[in-house]
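Please read through the structure below; I'll follow up with questions.
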Amino acid sequence: MFETGLTLNDLKFMGQGALITLQVTAFAVIGGTLLGLLFGIIRSQVNPWLTLPLVFLLDIFRSVPLIIQLVLANAFQAIVGLGLSAFTTSCIVLALYTSAYCTEIVRGAISAVPVVTRRAARSLGMTWGQDMRQIVFPMALRVGLPSWIGLTLGVMKDSALVGFIGVFELLKQSQTLITRLQEPMFILIVAGAIYFLLSFPIARLGGQLEKRWREND
Amino acid sequence: MFNYTFQWKQAMRGLPEMLDGALVTLQIAIISMVIGIIFAVLLAVARNSNSRLLRAPASMWVEVARNTPALFQIYMAHFGLGTFGIHLSPFVSLLAGITFNNAGYLAETFRGSLRAIPSTQLRSARSLGMGPIQAFRLIVMPQMFRIAFLPTTNQMVWAILMTSLGVTVGMNTDLMGVTQDWNNRSFRTFEFFAIAAVIYYLIAKAVTMGARLLAWRMFRY
């Protein structure tokens, strides 16, 4: 028969890790999306030459390994003497990392709205803000949402790296258990199953929304 | 301003070793991409086939590769396989983890591009007397690679960035590993990792630019 030393308490221990993973993901996605919206609107509305520094900066977040970004941020906050916890640092880094990808999604979604539609809105007397809120937003949302959900799932997976600077998320907790119980395969499969359980509902929800919206087109 | 003196000179002494590490990083990324592409083509074909026996394992591979962290996959290769008495070196387990990941992601890319090729092309190739493998190799594959070229180069950049995860399983010859080694000896964390970040950035940019140039050169009519 199959036997394991994994007790209910150990599962709870992993559950705590999963909770941290969820928290980091939630903070990163919320912060990253807000920043991404801001940057995305700037990128699609302002002269491309003026946004070049922003593009370059965001490109760095996408071209340097996340693990190095985390280590650098952690070292930097110690140098400056901010005294942030590893958890806060990881949330900030992941939020910036998310915003870099979110900017591209927002920009793509906004540029998918036909220019004539926006001109029509403006010529009906809508202000720029009204046009953005009531015309561009609903149309761009349908274009951008699938990739945004993909991004959210990606950030959840990437949040596994924050264990490297000492945040006790799911994979780090699993590693602690592996060291104690010496049953790597089984514990890792449990951890993988938890990741799957966390990401599957989000992926499903995204698929549902996409399907529902397609019917209305 | 800071109560800290940056020691860039000291960090620069690690540069030659780090550049050697960058070569190892590139080497791992390239090998993993080559093997990954081969597996990905097989997976894409298997997922499009009518036989359930072929489709199910291929789907599972792709789902697991896409829905779990890359770090998890590397851990699986390094620690997980130890359960069966297979003890891989950090290099091999890192390579295995990234290859598994690459194959999963690329399989989806290739499947999408296979869909974009009209099925009439395969049928006309067959009616011209080509065998199934010949038709796939000579008619479908070239078009598939053309459509999938840019996504594939994106995956290459991902593979390069993913190699940095090797440090968590004890890899100490690639760029990240060498940097971590120097860091452990000198505690100049910020300086060393800043240099490593610049090198990673330059490699990633060089690959992207090279790919664009290559695409422009190869795919013009």
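Can you give the relative contact order of the range A:9-216 as a percent, counting alpha carbon pairs under 8 Å and 6+ residues apart?
Contact order relative to length: 32 percent.
First check a/c for the range B:8-218, with a ≥ b ≥ c the square roots of the eigenvalues of its C-alpha gyration tensor; if it is under 1.5, answer rounded, and if not, answer prolate when a/b is larger than b/c or oblate otherwise.
oblate
Among A:29-36, B:190-197, how do they line up by average Cβ neighbours within 10 Å per residue, starting with the highest?
Details: A:29-36: 19.8, B:190-197: 23.6.
Most protected by this proxy first, the peptides run B:190-197, A:29-36.
Restricting to lysine pairs 8 or more places apart or on different chains, what number in the protein assembly as shown have Cα atoms under 25 Å apart?
The number of close lysine pairs in the protein assembly as shown is 5.
To the nearest whole number, what is the average tally of beta carbon atoms from other chains within 10 Å of the beta carbons of peptide A:148-160?
2
Counting only the backbone N, which residues of the range A:30-74 are under 19 Å from the spot 7 Å out from the Cα of B:MET209 toward its beta-carbon?
A:52-65
Show that you can apply the helix-only estimate: for the protein assembly as shown, add -39,500 (n - 2.57) for every DSSP H stretch of four or more residues, divide by all residues, and state [θ] at 222 nm to the nearest 500. Present the calculation step by step, with values, prior to reporting the outcome.
Numbers: 18 runs with 335 residues, N = 438.
The per-residue figure over the protein assembly as shown is -26000 deg cm²/dmol.
Further, regarding this structure: Kindly identify the range A:9-216 as rounded, prolate or oblate by the Cα gyration tensor criterion: order the square roots of the eigenvalues as a ≥ b ≥ c, call it rounded if a/c is under 1.5, otherwise compare a/b with b/c, prolate if a/b is larger, else oblate.
Judged from the Cα gyration tensor, the range A:9-216 comes out oblate (a/c at least 1.5, b/c at or above a/b).
Something else now. Where nothing but the Cβ of Lys and Arg (+1) and of Asp and Glu (-1) is charged, how large is the charge dipole of chain B around its Cα centre, in debye to the nearest 20?
In total the dipole reaches around 960 debye.
Which whole-Hz ³J(HN,Hα) couplings does the range B:186-196 yield from phi under the Karplus relation 6.51 cos²θ - 1.76 cosθ + 1.60, θ = phi - 60°, glycine and proline marked x?
10, 6, 8, 4, 4, 4, 5, 6, 5, 5, 4
Another one. May I ask you to evaluate 6.51 cos²θ - 1.76 cosθ + 1.60, the Karplus curve with θ = phi - 60°, for each residue of the range A:63-74 and list the ³J(HN,Hα) values in order in whole Hz, giving x for glycine and proline?
10, 10, x, 4, 4, 6, 4, 5, 4, 4, 4, 5
Give the average, rounded to an integer, of partner chain Cβ atoms located within 10 angstrom of each Cβ in B:148-161. Each step should come with its number before you reach the end.
Values: counts 0, 0, 0, 0, 0, 0, 0, 0, 0, 2, 0, 0, 2, 7.
Counting Cβ atoms of other protein chains within 10 Å of each residue's Cβ and averaging gives 1.
Counting other beta carbons within 10 Å of each Cβ, put B:HIS87, B:HIS78 in order, fewest first.
On the way: B:HIS87 11, B:HIS78 25.
Starting with the residue having the fewest Cβ neighbours, the order is B:HIS87, B:HIS78.
Compute the signed sum of charges (Lys and Arg +1, Asp and Glu -1) over the other residues within less than 13 Å, Cβ to Cβ, of A:VAL190.
On the way: positive: A:LYS12; negative: A:ASP10, A:GLU183.
Neighbourhood net charge equals -1.
Once you list every other residue whose beta carbon is under 11 Å from the beta carbon of A:ALA75, what net charge do they have if Lys and Arg are +1 and Asp and Glu are -1?
0
Convert each backbone phi in the range B:162-175 into a coupling constant with the Karplus relation 6.51 cos²θ - 1.76 cosθ + 1.60 (shift: θ = phi - 60°), then list the ³J(HN,Hα) values in order as whole Hz, x for Gly and Pro.
Here the 3J(HN,Hα) series is 5, 4, 5, 6, x, 4, 6, 10, x, 5, 10, 10, 7, 3 Hz.
Please work out whether the range B:36-81 counts as rounded, prolate or oblate from its C-alpha gyration tensor, where a ≥ b ≥ c are the square roots of the eigenvalues and a/c under 1.5 means rounded, while otherwise a/b larger than b/c means prolate and anything else oblate?
Judged from the Cα gyration tensor, the range B:36-81 comes out prolate (a/c at least 1.5, a/b above b/c).
How much net charge surrounds A:PHE137 when only the other residues with a Cβ under 12 Å from the Cβ of A:PHE137 are counted, with Lys and Arg +1 and Asp and Glu -1? Walk me through the numbers on the way to the answer.
Values: positive: A:ARG118, A:ARG133, A:ARG142; negative: A:ASP131.
Around A:PHE137, the surrounding residues sum to +2.
A short reminder: the numbers here are calculations on the coordinates, not readings from a lab. Small disclaimer: the values here were computed from a predicted structure and weren't measured. So basically every Cβ, Gly included, is an ideal-geometry build from the backbone, and we count neighbours across all protein chains shown.
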